[in-house]
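Structure first, then comments.
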Amino acid sequence: MQAILDVSIPVFAIILTGFLAGRFKLLGQDSTAALNGFVYFIALPALFVSSTATSPVREVLDWSLFGVVIGGYVATAIPVAIIARMFFSKRIGEVTLHTGSSVFANNGYMGIPLALAAFGDGAMTAIVASVIANIVLVLGVASALMEVDRTGATGPRMIVDAFRGLVRSPLLWAFAIGMVISAAGLTIPSPALRFMEMLGSAASPCALFAMGLFLVGQAVHKGAGEVVWISAIKLFVHPAATWLIAQYLIDVNAVQEGVSVLMASLPTGGLIFVLAQRYGVYVQRATAVILVSTIVSVVTVSYVLQYYVPIVRAYLG
């Protein structure tokens with residue numbers, strides 16, 4: 001319990017700081033868009049390049065682990081998207097962010113420190129691979145679909161706009177650049193690497209601070225039923241689906257299984273808010289889901305850690 005409190009309390013503290021800065025008019029609502037622009041176009045790409053370029057390609061591209069992680073996403077996202085389309089909204093952008101909120105986890109800010117504290121440095125490779133799969137897959141697909149929603153395209157044009165959304169995504173370009181550097185065996189000069197690491201470390205705090213700014217004057221309780229539904233899917237169904245795949249469909253070791261299920265059990269990540277704010281769609285709901293799922297995860301993630309810590313540590317020796 002203490003481990004999850006150690007990483008969740010700072011999350012709420014940063015959100016509260018942003019809220020107070022907005023409430024006392026130290027920063028205006030326009031600052032939210034500016035901060036999110038910084039996160040999306042500068043901080044996150046820098047983080048992607050620095051993290052992937054310094055990770056061995058063979059270790060990062062662990063296809064068994066990717067299979068478990070991606071399988072958990074797909075098994076959760078497809079039925080959620082169908083239900084969202086039937087009962088909550090017909091708009092592509094809203095369905096996309098509804099579904100994304102149910103599978104995109106706070107792997108970077110909460111997952112990495114939690115997994116390292118629980119499983120130790122021996123789990124680092126599985127952690128990096130899981131984080132990359134989480135961000136590249138979910139945000140990549142979401143960015144493509146949000147571009148389709150923005151243009152309102154139908155028919156074959158939807159495919160063109162979806163591809164354009166992928167190509168325009170700075171996150172996927174950053175991932176590709178990092179992979180090329182790693183595969184080529186190149187080394188980023190220390191000043192440049194430190195520069196990117198400093199920028200990247202600002203991504204999560206800025207996103208959370210911007211969320212707090214956005215909350216000023218917002219009715220967070222609106223759509224409570226939908227928020228509870230998505231939070232339940234994120235905290236219970238997503239990790240359960242990942243566990244089932246690791247147990248019965250894809251052969252992975254104890255470390256890979258533990259990291260995959262832990263990452264899937266985490267609350268909705270703040271980058272969903274960044275994407276929602278960027279396209280002006282589903283912003284209030286995304287904010288509420290992040291808050292609710294983070295609060296409840298203090299209990300649910302503690303149980304996941306309690307189950308997997310002895311298993312993983314026994315495997316690592």
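The values are calculated or read from the model by the stated rules, or taken from the named source; none is laboratory data. Predicted, not measured: the structure shown is a model, and the values here were computed from it. Here Cβ is always computed from backbone atoms with ideal geometry, including for glycine, and neighbour counts include all displayed protein chains.
What is the one condition in (1) in contact (Cβ under 8 Å) with a residue 40 or more places away in the chain; (2) closer than 30 Å to residue 302 by Cβ that residue 27 does not satisfy?
Failing condition for residue 27: (2).
Kindly establish whether residue 301 is under 22 Å from residue 108 (Cα atoms) and at pLDDT below 90.
On the way: under 22 Å from residue 108 (Cα atoms): yes; at pLDDT below 90: yes.
Answer is yes for this residue.
Assigned to a helix (DSSP H, G or I), over 25 Å from residue 32 (Cβ atoms) and either modelled with pLDDT of 80 or more or of a type in the set (A, V, I, L, M) (or both): is that true of residue 123 in this structure? Steps first, please.
Numbers: assigned to a helix (DSSP H, G or I): yes; over 25 Å from residue 32 (Cβ atoms): yes; either modelled with pLDDT of 80 or more or of a type in the set (A, V, I, L, M) (or both): yes.
It is true that residue 123 is assigned to a helix (DSSP H, G or I), over 25 Å from residue 32 (Cβ atoms) and either modelled with pLDDT of 80 or more or of a type in the set (A, V, I, L, M) (or both).
Working only within the stretch 145-194, note down all residues that are modelled with pLDDT of 70 or more, surrounded by 14 or more Cβ atoms within 10 Å (Cβ to Cβ) and part of a loop (DSSP other than H, G, I, E, B).
Listed by number, the residues that qualify are 169, 188.
Please indicate, with yes or no, whether at least one residue in the stretch 274-296 is among the polar types (S, T, N, Q), without any contact (Cβ under 8 Å) to a residue 12 or more places away in the chain and within 30 Å of residue 63 (Cβ to Cβ). Show your work before the answer.
Step one: of the stretch 274-296, the residues among the polar types (S, T, N, Q) are 277, 284, 287, 293-294.
Checking which are without any contact (Cβ under 8 Å) to a residue 12 or more places away in the chain leaves us with none.
No: zero hits.
Just one of the numbered conditions (1) closer than 19 Å to residue 205 by Cβ; (2) modelled with pLDDT of 80 or more; (3) among the polar types (S, T, N, Q); (4) surrounded by 18 or more Cβ atoms within 10 Å (Cβ to Cβ) is not true of residue 8; which one?
Checking residue 8 against (1) closer than 19 Å to residue 205 by Cβ; (2) modelled with pLDDT of 80 or more; (3) among the polar types (S, T, N, Q); (4) surrounded by 18 or more Cβ atoms within 10 Å (Cβ to Cβ), the one that fails is (2).
Can you pull out every residue in the stretch 209-242 that is at pLDDT below 80, surrounded by fewer than 17 Cβ atoms within 10 Å (Cβ to Cβ) and aliphatic (A, V, I, L, M)?
Correct list: 219, 220.
Among residues belonging to the stretch 275-286 that are surrounded by 24 or more Cβ atoms within 10 Å (Cβ to Cβ) and more than 16 Å from residue 229 (Cβ to Cβ), point out the one that is nearest to the chain's Cα centre (by Cα).
Ranking the candidates gives 275 first.
Out of the residues in the stretch 11-31 that are modelled with pLDDT under 80 and in a helix (DSSP H, G or I), state the one that is surrounded by the most Cβ atoms within 10 Å (Cβ to Cβ). Step through it out loud before you land on a result.
Initial filter on the stretch 11-31 (modelled with pLDDT under 80): 11-12, 28-30.
Retained after the next criterion (residues that are in a helix (DSSP H, G or I)): 11-12, 30.
Details: 11: 23, 12: 14, 30: 9.
That would be 11.
Just give me the residues in the stretch 262-305 being within 15 Å of residue 138 (Cβ to Cβ) and among the hydrophobic types (A, V, I, L, M, F, W, C), in sequence order.
The answer is 263, 264, 266, 271, 272, 273, 274, 275, 276, 286, 289, 290.
Filter the stretch 109-126 down to the residues that are under 13 Å from the mean Cα position of the chain (by Cα) and buried (at least 22 other Cβ atoms within 10 Å of the Cβ), then identify the one that is nearest to residue 48 (Cα to Cα).
Our first condition is that a residue be under 13 Å from the mean Cα position of the chain (by Cα); within the stretch 109-126, this holds for 109-112.
Retained after the next criterion (residues that are buried (at least 22 other Cβ atoms within 10 Å of the Cβ)): 109-111.
On the way: 109: 14, 110: 17, 111: 16 Å.
Top of the filtered list is 109.
Among what's in the stretch 37-51 and is surrounded by fewer than 24 Cβ atoms within 10 Å (Cβ to Cβ) and not hydrophobic (A, V, I, L, M, F, W, C), pick the residue that is modelled with the lowest pLDDT.
Ranking the qualifying residues of the stretch 37-51, first place goes to 51.
I'm told residue 49 meets every condition in (1) farther than 24 Å from residue 201 by Cβ; (2) in contact (Cβ under 8 Å) with a residue 12 or more places away in the chain except one. Can you identify the failing condition by its number?
(1)
Any residue in the stretch 97-105 that is hydroxyl-bearing (Ser, Thr, Tyr), out of contact with any Cys (no Cβ under 6 Å at 6 or more places or on another chain), buried (at least 22 other Cβ atoms within 10 Å of the Cβ) and modelled with pLDDT under 80? Reasoning before the result, please.
Start the filter on the stretch 97-105 by keeping residues that are hydroxyl-bearing (Ser, Thr, Tyr), which leaves 99, 101-102.
Filter once more, keeping what is out of contact with any Cys (no Cβ under 6 Å at 6 or more places or on another chain): 99, 101-102.
Keeping just the survivors that are buried (at least 22 other Cβ atoms within 10 Å of the Cβ) gives 99, 101-102.
Checking the rest, the ones that are also modelled with pLDDT under 80 come to none.
No: the stretch 97-105 contains no residue that is hydroxyl-bearing (Ser, Thr, Tyr), out of contact with any Cys (no Cβ under 6 Å at 6 or more places or on another chain), buried (at least 22 other Cβ atoms within 10 Å of the Cβ) and modelled with pLDDT under 80.
Has the stretch 74-94 got any residue that is of a type in the set (Ser, Thr, Tyr), more than 28 Å from residue 298 (Cβ to Cβ) and part of a helix (DSSP H, G or I)? Before the answer, list the steps.
The initial filter retains those residues of the stretch 74-94 that are of a type in the set (Ser, Thr, Tyr), namely 76, 89.
Checking which are more than 28 Å from residue 298 (Cβ to Cβ) leaves us with 89.
Still in the list and also part of a helix (DSSP H, G or I): none.
No: zero hits.
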